Amino acid sequence: MSRRFTGERLVLATHNNGKLEEFVALLGLPGTAVLSAGALGLSVPAETEESFLGNARIKARTAAMASGLPALADDSGLEVEGLGGQPGVHTADWAEGPDGRDFVMAMERVHQQLMAKAVPQPWRARFRCLLVLAWPDGHEEVAEGICEGSLVWPRRGADGHGFDPMFRPEGHDLTFAEMPFSLKNRLSHRARAVGILRQQCFT
């Protein structure tokens, strides 16, 4: 049976303020203070697993144990069918450059590999998100969200982040980067995972 969240404070295991704002909006928890791991001065654990679930679990458990509060973590990425599911759990690594993360470079790398392998269109792909909500006593709840779609080239749109300018969700003509934020938030893998977790633990 799922455990209900009944506390007044929840830790989001991230040091990214943009992600904090996105999760606060998606969770919609009036009366609950959502605090980032960064604001609490918590360290960033090494993500050593080869699965989204494993890495989300590391982040959630680390934050819960360090803070003494329930902690929510996500791990997500892009899986391209024609590339054998890559970049997958290494999505952020594909964007690592000498000056930090560069997702324009990462998108170009994906496109170059699709062309080099002569993968026929449509280039099927999905965004996958795993959420883990962990309590200090070791209990955890898990939710997964998937958004199916395909990749376009050249990339389109100025909004969004990461691979959004080349990802077109199934049933839509616009890429995530061309959509209004409100529409993307209804369709995204992260929104779907949060919706499942809300039903399990927050409503």
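What follows is calculated from the coordinates using simple rules that are stated; it is not laboratory data. Note that the structure is predicted; figures quoted are calculated from it, not measured. Note: ideal-geometry Cβ built from the backbone for every residue, glycine included; neighbour counts use all protein chains shown.
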Q) If you line up the long axis of helix 103-116 against the longest principal axis of the chain, both from Cα atoms, how many degrees apart are they, to the nearest 10? A) 50 degrees
Q) Taking Cα atoms, how many degrees apart are the long axis of helix 52-67 and the longest axis of the chain, rounded to 10 and kept between 0 and 90? A) 30 degrees
Q) Over the chain, what is the mean sequence separation of C-alpha contacts under 8 Å (at least six apart), divided by residue count, expressed as relative contact order in percent? A) 19 percent
Q: Determine how many Å³ per residue the convex hull of the Cα atoms of segment 160-199 encloses.
A: 69 Å³
Q) Dividing the alpha-carbon Rg of segment 44-167 by 2.2 N^0.38 Å yields what? A) 1.18
Q: For the chain, find the longest principal axis of its Cα atoms and tell me its angle to the long axis of helix 17-27, 0 to 90°, nearest 10.
A: 70 degrees
Q: For n ≥ 4 DSSP H runs only, could you compute -39500 (n - 2.57) per run for the chain, divide by its residues and tell me the 222 nm figure to the nearest 500?
A: -8500 deg cm²/dmol
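When ranked by the protection proxy of mean other Cβ atoms within 10 Å per residue, highest first, what sequence do the peptides 157-166, 125-134 form?
125-134, 157-166
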Q: Quick one: compute the contact order of segment 110-191, relative version, from alpha carbon pairs under 8 angstrom and 6+ residues apart, as a percent.
A: 25 percent
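Using Cα pairs closer than 8 Å and at least 6 residues apart in sequence, work out the relative contact order for segment 1-111, in percent.
Normalised by residue count, the contact order of segment 1-111 is 21 percent.
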Q: Please give the FRET efficiency for LEU29 paired with ASP159, using the beta carbon to beta carbon distance and R0 = 30 Å, rounded to the nearest 0.05.
A: 0.75
